[in-house]
1. One residue is enough: does region 359-366 have a residue meeting the conditions in contact (Cβ under 8 Å) with a residue 40 or more places away in the chain, aliphatic (A, V, I, L, M) and in a loop (DSSP other than H, G, I, E, B)?
2. For region 292-305, check the following and say yes or no: at least one residue is surrounded by 19 or more Cβ atoms within 10 Å (Cβ to Cβ), hydrophobic (A, V, I, L, M, F, W, C) and farther than 22 Å from residue 371 by Cα.
3. Which one is farthest from residue 5 (Cα to Cα), of the residues in region 254-270 that are out of contact with any Gly (no Cβ under 7 Å at 6 or more places or on another chain) and loosely packed, with under 15 Cβ neighbours inside 10 Å?
4. Let me spell it out: the conditions are (1) of a type in the set (Gly, Ala, Ser); (2) modelled with pLDDT of 95 or more; (3) open to solvent by less than 30 Å² (accessible area, probe 1.4 Å), and residue 147 meets all of them except one. Which number is the exception?
5. Can you tell me which residue among 320, 299 is at pLDDT 95 or above and not aromatic (Phe, Trp, Tyr)?
6. Could you please give the count of residues in region 350-365 that are charged (D, E, K, R) and either on the phi > 0 side of the Ramachandran plot or touching a helix residue (DSSP H, G or I) at 6+ places or on another chain (Cβ under 7 Å) (or both)?
7. Going through region 296-335 one residue at a time, which ones are part of a loop (DSSP other than H, G, I, E, B) and under 14 Å from the mean Cα position of the chain (by Cα)?
8. If you go through region 64-97, how many residues are of a type in the set (A, V, I, L, M), open to solvent by 10 Å² or more (accessible area, probe 1.4 Å) and either modelled with pLDDT under 95 or over 18 Å from the mean Cα position of the chain (by Cα) (or both)?
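The values are calculated or read from the model by the stated rules, or taken from the named source; none is laboratory data. Note that the coordinates shown come from a computational prediction; the quantities given were computed from them, not determined experimentally. Note that each Cβ is placed from the backbone with ideal geometry, even for glycine, and that neighbours are counted across all protein chains shown. Just the protein is used for accessible areas: all its heavy atoms, side chains included, with ligands, DNA and RNA removed. Shrake-Rupley method; radii C 1.70, N 1.55, O 1.52, S 1.80 Å.
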Amino acid sequence: MQRDVVITGIGLASSLGEGIEAHAAALARSAPPVVDTVSFAPYPVHPLKPLELDRQIPKKSDQRQMEPWQRLGVYAAGLALDDAGIKDDVETKSLLQVIVAAGGGERDHAVDGAILTGLRGANAPGSFLNERLMGDLRPTLFLAQLSNLLAGNIGIVHGITGASRTFMGEEQAGVDAIRTAHARIASGQAEIMLVGGSYNAERRDMLLLFELGGYLRKGDFAPVFAREDAPGLITGCASGFLVLESAQRAAARGTKAHATLGKVAASRSKRQPGTVETALRGLLAELGPVSTGALAISAATGAAGITAEEASAIATLPQARRIATGDLVGHAVEAAFPVSVALAAAALSTGQAQEAIVTGVGHWRGEGAARLGTV
């Protein structure tokens, strides 16, 4: 027997701002994206809209010891807890389990640059490197590079004492974070979970990594499904967290559910031509038929080839209204799928549709899909 799973808390923060209202309004009117084409030229980036961190991270000492991606994730997680009405519920937070989709942490670019510059003229490069690493890197920076510290900081700042898990693996980490959280509640292994991810796109090191693989778009912004002239990712600062709960528990405590999370599925194709479309069509068939007029939210990357295949798979949905998350907030890598599911839940909660399908294809590996409905 599989139990019904509902979404009772949504936490969103991106270049559009924060909260359900700002993002639902952008979905409804297809708002123009906020894009910075200057700071990291020739690569456009969706920058984070400044947040009042004190609202969710009261202690300045906590803020200082986190890197930007952690502050963003802790903030969005706090929004989700507030929305679910459990921020001050100590008993519930002792049962709450956390799953985070995370990347590899952040670096101090100024220190890296100074060390690399100094190495050129060092008589003893090995000794120079050791001395500079010991003297220039503060302990909190080293710890900030540990991926599981986002989950740890969420627990510390918000007082969550339940178990936590951290998934890594780029876009597929976000898919499996949502899939696992849903499966645990549906099977009765958990009653309530906090799940999501966070990504800071304003990082030269990550832009370098994506560029070395040939994955970034150069030049001006273009919609995700209209980048044939220069395919590639336009990354964005974004975080999405969800409170998932069994429908019985949500009803018992009298809380509002934004949407039902019916099913989440994942696969991993070999990326030969046509395999992504075939995999996605299989996932959509696994989710079951959807009604005419359903909302189709895609976490497509914009990468060459696979984005067109994702578009072809989505086109099989009956008269679905297609929206690319990347057109609104940019591509958030590990957080791309959680952000897209959160956007779908916000759309259903505000009456924009009765059903929603979310799809996501990783720029390198992995495909996922989820189905949401109204309560």
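1. Of the residues in region 359-366, the ones in contact (Cβ under 8 Å) with a residue 40 or more places away in the chain are 359-366.
So of that shortlist, the ones also aliphatic (A, V, I, L, M) come out as 361.
Then drop every residue that is not in a loop (DSSP other than H, G, I, E, B), which leaves none.
No: zero hits.
2. Step one: of region 292-305, the residues surrounded by 19 or more Cβ atoms within 10 Å (Cβ to Cβ) are 294-303.
Then drop every residue that is not hydrophobic (A, V, I, L, M, F, W, C), which leaves 294-297, 299-300, 303.
The next check asks that each one be farther than 22 Å from residue 371 by Cα; those that pass are 303.
Among the residues of region 292-305, at least one is surrounded by 19 or more Cβ atoms within 10 Å (Cβ to Cβ), hydrophobic (A, V, I, L, M, F, W, C) and farther than 22 Å from residue 371 by Cα, which makes the answer yes.
3. 270
4. Unmet condition: (2).
5. On the way: 320 fails: at pLDDT 95 or above.
Result: 299 is the single residue among 320, 299 that is at pLDDT 95 or above and not aromatic (Phe, Trp, Tyr).
6. First, the residues of region 350-365 that are charged (D, E, K, R): 355, 365.
Subsequent filtering for residues that are either on the phi > 0 side of the Ramachandran plot or touching a helix residue (DSSP H, G or I) at 6+ places or on another chain (Cβ under 7 Å) (or both) retains 365.
Residues flagged as charged (D, E, K, R) and either on the phi > 0 side of the Ramachandran plot or touching a helix residue (DSSP H, G or I) at 6+ places or on another chain (Cβ under 7 Å) (or both) within region 350-365 amount to 1.
7. Pass one, region 296-335, residues part of a loop (DSSP other than H, G, I, E, B): 299-305, 315-320, 330, 332.
Of everything in region 296-335, those that are part of a loop (DSSP other than H, G, I, E, B) and under 14 Å from the mean Cα position of the chain (by Cα) turn out to be 299, 300, 301, 330, 332.
8. From region 64-97, those of a type in the set (A, V, I, L, M) are 66, 72, 74, 76-77, 79-81, 84, 86, 90, 95-96; that's our starting set.
Filter again for open to solvent by 10 Å² or more (accessible area, probe 1.4 Å), leaving 79, 90, 95.
Narrowing the set further to residues that are either modelled with pLDDT under 95 or over 18 Å from the mean Cα position of the chain (by Cα) (or both) leaves 90, 95.
Qualifying residue count for the region: 2.
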